[in-house]
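Working notes, beginning with the structure itself.
The values are calculated or read from the model by the stated rules, or taken from the named source; none is laboratory data. Owing to the predicted nature of the structure, the values given are computational and were not obtained by experimental measurement. Don't worry about glycine lacking a Cβ; one is built from the backbone with ideal geometry, like all the others, and counts go over all protein chains shown. Protein only, heavy atoms only, side chains kept; ligands, DNA and RNA dropped before computing areas. Shrake-Rupley method; radii C 1.70, N 1.55, O 1.52, S 1.80 Å.
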Amino acid sequence: MAELVVLADADEMARVAAHRMGECIASALGERRKASVALSGGSTPGPSYRRLATTFGSSPAESALDVARIRWFFVDERAVGPEHERSNYRALERDLFEPGRIPREHVFRMQGELSPEAAAEAYSAVLARELGEPPVLDLVIAGLGSDGHTASLFPKTRAVSASGSVVAVFPADLEPRISLGRSTLLRAREVFVLVCGADKRAALSRALEHGDEDEVPGRVYLAAAGRVTFLVDRAANPG
Ligand code: 6PG
């Protein structure tokens with residue numbers, strides 16, 4: 001069942017999302033002594049990641065979260081190299097890994113520089129090795145596009161029905177993408193979907209209604225096995 005939490009603005013979003021991410025990681029560490037988190041790109045989560053980075057403190061010893069036991073994965077990536085300005089890895093380096101002093105051996109990036117099919121296959125193997133088969137993530141940070149896409153599952157691409165824990169996606173008019181597949185998103189123990197801005201209101205309203213997932217991939221979360229919370233600002237709130 002999906003919960004909707006309405007926040008005043010982008011500032012409150014950053015504060016609440018970072019706090020909830022920290023809580024979720026702490027609870028995974030408490031229950032399983034390790035935590036796995038998959039991160040989306042896009043502009044909405046950046047401030048939350050920067051805030052979360054401060055949680056890790058200036059030295060690992062000061063942090064309430066044991067950074068050595070957290071593994072970081074990607075929800076999706078564009079078919080570009082890690083230095084490219086549209087690389088999600090590059091954005092996460094800047095917003096979270098660098099300021100949070102995250103041990104890079106615990107960061108598992110998608111290889112956007114490979115062909116999307118090869119990158120998807122390679123990342124499926126990484127997930128299987130790190131998380132087992134089928135892979136279960138503790139936390140997924142997702143977003144929603146104004147066209148209804150989530151992760152890199154774009155409308156009318158049949159990406160939602162592609163099999164595999166990670167899929168290659170070829171949206172019209174955009175560079176190809178690599179994305180966690182529907183089944184991997186749905187198996188996560190907890191998902192936060194961060195949605196900000198009036199341009200997302202119509203997409204959010206459709207994502208909260210059951211219906212054709214190929215038309216509105218954001219609907220996949222309605223079938224999630226774990227907990228799903230849409231953290232939305234007032235401008236995006238369809239209610
Ligand atoms: C990405 C994403 C994508 C994103 C939405 C919303 O890498 O772009 O993972 O699914 O979450 O496009 O993007 P904004 O946060 O920029 O609106």
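Here are the numbers for the structure shown:
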read-out: Among Ala91, Ala203, Ser161 - extreme Cα towards positive end, dipole of segment 80-239, charges at beta-carbon; value: Ala203
read-out: Percent accessible area from carbon and sulfur atoms, segment 139-193, protein chains only, probe 1.4 Å; value: 49
read-out: HN-Hα J in Hz across segment 5-10 - Karplus 6.51, -1.76, 1.60, θ = phi - 60°, x for Gly and Pro; value: 10, 9, 10, 4, 7, 4
read-out: Nearest-20 debye value, the chain charge dipole, Cβ charges on Lys, Arg, Asp, Glu; value: 460
read-out: Relative contact order (%) - segment 1-127, alpha-carbon pairs under 8 angstrom, separation at least six; value: 23
read-out: Relative contact order, percent, the chain [alpha-carbon distance under 8 Å, six or more residues apart]; value: 24
read-out: Shape category assigned to segment 30-140 from the gyration tensor of Cα positions, a/c cut at 1.5; value: oblate
read-out: Sum of -39500 (n - 2.57) over DSSP H runs of 4+, divided by residues of the chain (222 nm, nearest 500); value: -8500 deg cm²/dmol
read-out: Accessible-area composition of segment 1-118, carbon plus sulfur, in percent [1.4 Å probe]; value: 48
read-out: Residues with amide H under 5 Å from that of Gly143, placed H, sequence gap 5 or more; value: Ala151, Leu194
read-out: Amide H contacts of Arg71 (H built 1.01 Å from N, under 5 Å, at least 5 apart or other chain); value: Ala35, Ser36, Val37
read-out: Bridge type composition, the chain - antiparallel percent by DSSP, nearest 5; value: 25
read-out: Accessible area expressed per residue, segment 186-230, with surrounding protein chains retained (probe 1.4 Å, Å²); value: 39
read-out: Global form of the chain, assessed from the alpha-carbon gyration tensor, a/c cut-off 1.5; value: rounded
read-out: Debye, to nearest 20: dipole size of segment 117-221, +1 on Lys, Arg Cβ, -1 on Asp, Glu Cβ; value: 200
